[in-house]
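Heads up: the structure comes next, in structure tokens.
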Amino acid sequence: MLKLVRRGKKGVFQIIGTVAGQRVRESTGVASQEHAEVIRAKREAALLEEATWGKRYTATFSEAVNLYAQKGGSPRYVEPLNLHFGKWRMDLMTDLEVSKFATKQYPDVQPQTLDRQVYTPLIAIWHVAQEAKLCGHHDFKRPMKPDRQAVEYAKDDYLSKILPASTQRLQAAVLLMSFTGARGTETCNVSDENGDVDWEARTVLLRKTKNGRPRLLPLAPLLYEKMLPLKGTKGPLFGFKQRFSLNQALERAANRAKVPYLSSHKIGRHSAAARLLGEGYTLKEIQEALGWSPKSLPMIAEIYGHLEQKRVDQALREADTKLAQLMDLGGNVERFQKGRKE
């Protein structure tokens, strides 16, 4: 069993001994014998429980988080979870406890936010821990999401109105976002000083993207023409240090053009995806073209699927066009209609 040994006359206590064949020699971190005894008793109980029921029933959430980090998991939104549940045994983490944490940590937010910032990282950590047999299976119930509304995006007629009301730098930024799907922050980070623009090859390199992988963007002729006067610019190529200032400029331009304000995301990413869908590209091709990860395909389908459906519906409506033209050229339409009546 475990016993306490003090290091020096007033030093901290150490836990020393063997439980169920497992040797222990570790510090309690406290010099109070009363507190050290509590720590010793808890440690001994945990080792006995682990020996009886197995590691999977006694692993703590912090152990799972450490393993998740070692496996290369994203640290995004993990810290609040670890601060709250770190010392919890994983078998005690129920849906109710997770829901209570989510409500307290992120009050007054949309279900999508709770899903992204609580349940997505939690479930990812749990899967890694389960594969390592640190815990059993658990299906955490994600928050119910409202039906997604049809995505709003800037069509070409909108761009034709806002561009004349924009400064030269804003015009170039709008076209870059709309033609390539570059995000607002990615657009603000473009710098000629850093060699992001290859003027001879007519490309722009986005070094920092949301998924961490650089994107090399080819420049359409109109976009290249609008960007060329900015060659040699010091600092941000388009003059915006952050997305907030870019959106402010878009709002001012919309007011001047007397059109509704659309954010950089609606003018850029949504607009680019809608344009590609309208030109007949599939959701998979759009995922690759706009730099989403393969795992994002279900999300892309959820956001833009209705646009693809419109294109499919239109194709079905026009399915007879070519056949009708061929029959008309051959003088067969009238005979076909006559034969159908007979």
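Filtering ALA64, ALA69, ALA46, ALA31 for residues that are in a helix (DSSP H, G or I), surrounded by 12 or more Cβ atoms within 10 Å (Cβ to Cβ) and modelled with pLDDT under 90 leaves a single hit, ALA46. Of all the listed residues (THR187, THR209), the sole one being outside any strand (DSSP E or B) and in contact with a strand residue (DSSP E or B) (Cβ under 8 Å, 6 or more places away or on another chain) is THR209.
Return a yes/no flag: does region 79-89 have any residue that is under 26 Å from LYS210 (Cβ atoms) and acidic (Asp, Glu).
Within region 79-89 (the criterion being under 26 Å from LYS210 (Cβ atoms) and acidic (Asp, Glu)), the answer is yes, since at least one residue qualifies.
Every condition in (1) among the aliphatic types (A, V, I, L, M); (2) loosely packed, with under 13 Cβ neighbours inside 10 Å; (3) touching a residue at least 60 places away in the same chain (Cβ under 8 Å) holds for LEU290 except the one numbered (2).
So is GLU302 in contact with a Ser or Thr (Cβ under 8 Å, 6 or more places away or on another chain), at pLDDT below 80 and not in a loop (DSSP other than H, G, I, E, B) or not? When the stated conditions are applied, GLU302 does not pass them. Summed over region 212-264, residues that are in a loop (DSSP other than H, G, I, E, B), under 21 Å from the mean Cα position of the chain (by Cα) and free of Cβ contacts under 8 Å to residues at least 12 places away in the same chain total 2.
Just so you know, in region 95-152 the residues that are assigned to a helix (DSSP H, G or I) and among the aromatic types (Phe, Trp, Tyr) include one that is surrounded by the most Cβ atoms within 10 Å (Cβ to Cβ), and it is TRP126.
The values are calculated or read from the model by the stated rules, or taken from the named source; none is laboratory data. Because the structure is predicted, anything quoted here is derived from the model rather than measured. Note that each Cβ is placed from the backbone with ideal geometry, even for glycine, and that neighbours are counted across all protein chains shown.
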